[in-house]
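Novice: Quick one: the structure is below, questions incoming.
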Amino acid sequence: MWGDASQYPVTRGEHQTGPKEEEDVDMIEVERFILIGSLLQGSSIKVRGTSVPLLLRDMIEVVRFILIGCLLQASPPKPKLTPEKVEVTEGTSVSLSCSAAAPCPKLPPNLTWTPSLNDSVDQLQENDDQTKSVSSVLTFTASHLHHGQKITCRALYKLQQGDIQKTSNTSLTLRVLYPPKSTAVSISPSGSVLEGSSVTLTCSSNGNPPVQHYTWYKVNGREMNTVGTGQDLTFNVTESSGSEQYYCEAQNEHGKENSTTVQLEVDYGSSVTLTCSSNANPPVQHYTWYKVNGREMNTVGTGQNLTFNVPESSGSEQYYCEAQNQHGKENSPTVQLEVDYPPKNTSAFVSPSGSVLEGSSVTLTCSSNANPPVQNYTWYKVNGREIKTVGTGQHLTFNVTESSGSEQCYCEAQNEHGKENSPTVQLEVDYPPKNTSVFVSPSGSLLDGSSVTLTCSSNANPPVQHYTWYKVNGREMNTVGTGQNLTFNVPESSGSEQYYCEAQNQHGKENSPTVQLEVDYPPKNTSAFVSPSGSVLEGSSVTLTCSSNANPPVQNYTWYKVNGREIKTVGTGQHLTFNVTESSGSEQCYCEAQNEHGKENSPTVQLEVDYPPKNTSVFVSPSGSVLEGISVTLTCSSKANPPVQNYTWYKVNGREMNTVGTGQDLTFNVTESSGSEQYYCEAQNQHGKKNSPTVQLQVDYPPKNTSVSVSPSGSVLEGSSVTLTCSSKANPPVQNYTWYKVNGREMNTVGTGQDLTFNVTESSGSEQYYCEAQNQHGKKNSPTVQLEVDYMPQISDSGSCSRTAAEISCSCESRGNPSPSMEWRVSGLRVTNSTDRVISEEQLGNTGLRSSLTMRHSQGDTPTVRCLSTNTVGSSRLTLHVPSPQQHPGKRAHISRL
């Protein structure tokens, strides 16, 4: 046992009776939790001696304690590595996932990777069974240096805040496949090789799988030939071998690589004899030969002659001889051999040495040992199997480019005895990051919420030291991570965001092109747009367009119309086109967008339908009948969009129509005439106008214009029947008529009802009649009427004659209707107006006439005088008595009627 159970906390659940707290659990309690069968079969568990019911929600806690029990009794479970085996090609992005159970989320295990190849991403997650675990994802780019490495994920569990902990490891070994690397040629025997002897060149290379094919090439100036296959190349050296270069090509299924060129050092030369001459007596007895090379001096032979094959080095050494007899010795002056040989030890040097920054100038210098000195230097560039002459002279100066780092250069030194190539040199070209790009894993489309890893790749020398990740959303750019790899869970918004990396070394930095993730998600932000936008004129065509953000794009669009609680399918496809009606403005439409991952409805849209005024009508306030003199308001109502802008009021009276106002309301005081007039309004907006039906006011007023009409009209014959009719203008109509007769100052009620019928008498013509008309609002008397009664003339008894000595004067009054005429007859003869007989008349009102006759007479004459009155109805006469001469003057005469 590696942990102390009494130090592991247990938390009470919702079923506790006391306050929530943490209590220590002793080992017996822990063992109870380990007994899974007892927990599942029993109805309760005991914590600190208290029986607690085991509820369904407690099962998660039970599982947690079971896991803790396992940890307390044995080693913790090994972390799980995914995948369990890794075999990848160099340059591939590798993601290793390590997960370990976290029975106590408050003290989750700590996961570490050995070796730490890159940054890792750790997170605590909930499993499908509601237990917790910790996962760590290590992402890196596979290199040949990783081949055979053992990758270990270590889970460290702590039981408390102290030192009690336990670890558990899981490992795997990386297998990385890569093309040949570090390809090189070794020579056996090493050093210089005697002309005509055998030499073996061996090609060595590191590759996985191992190299399958070796190919040997010989370079002589611009000429390159294949000279063999296999890992070893054996041949006999010739004089020309010293001027040739050899390299090998190693190849496996993942690629190939060339070695640098090598050049054999071939020894060959001529024989020379040195003879020592000295004058001595006795003659020289001993000759000794010495070779001087710098400060070094060696004995190389005895005798008067010294014969040897001159090597190339002989040209730099000096020889002298020492002659000796019994009397002494003497040294000769030194001699130095003039040894001619072709170029040897040819090599190329780079200045400046070490790495060279791209774009800077570099000088290659060719060095070679030759006698006579090298006469011609030629420079070659090797790129793959291609060899090109790039210059002459001992020095070659040029500006390096990035590609210079992948090319090899060598020089050829030549004198009259031969030529030799230097080994190739390869420049170490430093340059800032180039060809920076981002790779997405997994490639293709990603489901919303899944994990993705972005890997930054860049060509740089020295290699990239810092990677920085940026997210671009519109004009906004944010730093989101560092390191060669960026791992995250893709939200839907990632599909609209762009990512790029910045690769940086000591010489500069470069951004990759942006990449946009292909994120699959169901339709979102679904909306409907109306074209043309804004208000739409009734009857015109409108197009609704459904827009939705989805990946893959929306496959099915369905349109629905909502009218109250009714929903109807009205079309399919991204666009819905129809002619709008007025009712379209009260309906709502929405679209449903669907792809393989789900569907979403847009918010409803309601069309703004413009139409000219409709259903124009007039409302009267107060409604019903209106008492004359009261204020009334007419309100014009019309359905229009945009709303009515102008209201105009018209009054119609017969054929006459007049504008009487503007505005939605027309207010005025009603008069009696208002009831005979009609009103209507005209409603107008920018799309048209519409008149309302006419309305006629119901105007109440008391009787007016009360009058009496007589039937028969005109004059009435005395004794005939006449009907008086009372007429009055009133609303409501007259309810009561009352008739009155006025005779002087006397006024009497003579009847009721609209008509009054009676027989006329002569006196009726002197009487006046009027009627009183009455309704609920008041009453009104008519003007009085007087009947025109026709009757024959009636001569008044007041007629008389008077006499003087010279004249007789008579007068006569008559009344009749129509007004009568009067004529005089004297002694039976009609009297006409003359100097002797003067007739004068005086009109007495409309129906009376007074006529006077004055005539001269003879003394003693007493004529008979009559007055005759006539009208259209008839006539009457009166005979007047003329006094005799004996009677007193002026005495009335007797009247006799005829």
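Novice: Per Stokes-Einstein, at 25 °C and 0.890 mPa s, what whole-number D in µm² s⁻¹ belongs to region 149-208, with the Kirkwood radius over Cα pairs as the hydrodynamic radius?
Specialist: For these conditions, the coefficient is 144 µm²/s.
Novice: Could you give each residue of region 351-357 its phi-based ³J(HN,Hα) in whole Hz, using Karplus coefficients 6.51, -1.76, 1.60 with θ = phi - 60°, and x for Gly or Pro?
Specialist: 9, x, 6, x, 6, 10, 6
Novice: Can you compute 3J(HN,Hα) from phi for each residue in region 538-546, using the Karplus curve 6.51 cos²θ - 1.76 cosθ + 1.60 with θ = phi - 60°, rounded to whole Hz and x for Gly and Pro?
Specialist: Couplings: 3, x, 7, 8, 10, 10, 9, 10, 8 Hz.
Novice: With unit charges on the beta carbons (Lys and Arg positive, Asp and Glu negative) and the dipole taken about the Cα centre of region 563-704, which residue among Tyr679, Phe578, Ser602 sits farthest to the positive side?
Specialist: The one lying farthest along the dipole's positive direction is Tyr679.
Novice: Right, here's the next one. Each label point is 7 Å from the Cα along the Cα-to-Cβ direction; what then is the distance between the points at Ser707 and Thr694, in nm?
Specialist: Between Ser707 and Thr694, the label points sit 2.5 nm apart.
Novice: Right, next: Residue-wise, which Karplus ³J(HN,Hα) couplings in Hz belong to region 778-792, taking 6.51 cos²θ - 1.76 cosθ + 1.60, θ = phi - 60°, and x for glycine or proline?
Specialist: x, 9, 8, 8, 7, x, 6, 10, 10, 6, 9, 9, 8, 8, 5
Novice: For region 721-763 and region 553-627, what is the centre-to-centre distance using only Cα atoms, to the nearest Å?
Specialist: Result: 70 Å between the Cα centres.
Novice: With +1 assigned to the C-beta of every Lys and Arg and -1 to the C-beta of every Asp and Glu, and no other charges, what is the dipole magnitude of the chain about the Cα centre in debye, to the nearest 20?
Specialist: For the chain, the charge dipole is close to 5200 debye.
Novice: Please state the shape class of region 74-187: rounded when a/c is under 1.5, otherwise prolate if a/b exceeds b/c and oblate if not, all from the C-alpha gyration tensor.
Specialist: prolate
Novice: Under a 5 Å amide H to amide H cut-off, with H placed in plane at 1.01 Å, what residues pair with Lys181 once short-range neighbours are removed?
Specialist: Asn206, Gly207
Novice: Based on Cα positions only, what radius of gyration and what Dmax would you give for region 537-592, in angstroms?
Specialist: 12.4, 38
Novice: Show the residues, 5+ positions off or on another chain, whose built amide H is closer than 5 Å to the amide H of Asn736.
Specialist: Gln774
Novice: For the chain, with the dipole built from +1 on Lys and Arg beta-carbon atoms and -1 on Asp and Glu ones, taken about the Cα centre, which of Gly191, Gln285, Thr167 lies farthest toward the positive end?
Specialist: Positive-end residue among those listed: Thr167.
Novice: Taking the Cα centre of region 296-382 as origin, sum charge times position over the Cβ atoms of Lys and Arg (+1) and Asp and Glu (-1), and report the length of that vector in debye to the nearest 20.
Specialist: The dipole magnitude comes to about 220 debye.
Novice: Let me ask another. Give the Rg/Rh ratio for region 375-526, taking Rg as the radius of gyration of the Cα atoms and Rh as the Kirkwood radius, to two decimals.
Specialist: Taking Rg over the Kirkwood Rh, I get 1.26.
Novice: Which Rg and Dmax, in Å, describe the Cα atoms of region 564-686?
Specialist: Radius of gyration, then largest Cα-Cα span, for region 564-686: 23.2, 78 Å.
Novice: Further, regarding this structure: Excluding Glu253 itself, what net charge comes from residues whose Cβ is under 14 Å from its Cβ, given Lys and Arg +1 and Asp and Glu -1?
Specialist: -2
Novice: Between Val339 and residues 5 or more places away or on another chain, which pairs have amide H atoms under 5 Å apart, with H built 1.01 Å from N, and which residues are they?
Specialist: Distant-sequence amide H within range of Val339: Gly315.
Novice: To continue, here is another question. With a 1.4 Å probe and all protein chains left in place, how much of the accessible area of the chain comes from carbon and sulfur atoms, in whole percent?
Specialist: Within the chain, the accessible surface is 45 percent carbon and sulfur.
Novice: If you wrap a convex hull around the alpha carbons of region 476-575, what volume per residue comes out, as a whole number of Å³?
Specialist: 175 Å³
Novice: Right, here's the next one. If the only charges are +1 at each Lys and Arg Cβ and -1 at each Asp and Glu Cβ, what is the size of the charge dipole of region 175-330 around the Cα centre, to the nearest 20 debye?
Specialist: The dipole magnitude comes to about 280 debye.
Novice: A further question follows. Sort Val480, Val605 by accessible area with a 1.4 Å probe, largest first.
Specialist: Accessible-area ranking of Val480, Val605, largest first: Val480, Val605.
Novice: Would you work out the Kirkwood radius for the chain? I mean one over the mean of 1/r across all pairs of different Cα atoms, in Å.
Specialist: For the chain, inverting the mean 1/r across all distinct Cα pairs yields 46.2 Å.
Novice: Could you tell me how far the Cα centroid of region 109-157 sits from the Cα centroid of region 519-546, in Å?
Specialist: 50 Å
The values are calculated or read from the model by the stated rules, or taken from the named source; none is laboratory data. The shown structure was predicted, so the numbers you read here are calculated from the model rather than taken from an experiment. As a convention, Cβ positions derive from the backbone with ideal geometry for all residues, glycine included, and neighbour counts pool all protein chains shown. Note: accessible area is taken over every heavy atom of the protein model, side chains too, but ligands, DNA and RNA are not part of it. Shrake-Rupley method; radii C 1.70, N 1.55, O 1.52, S 1.80 Å.
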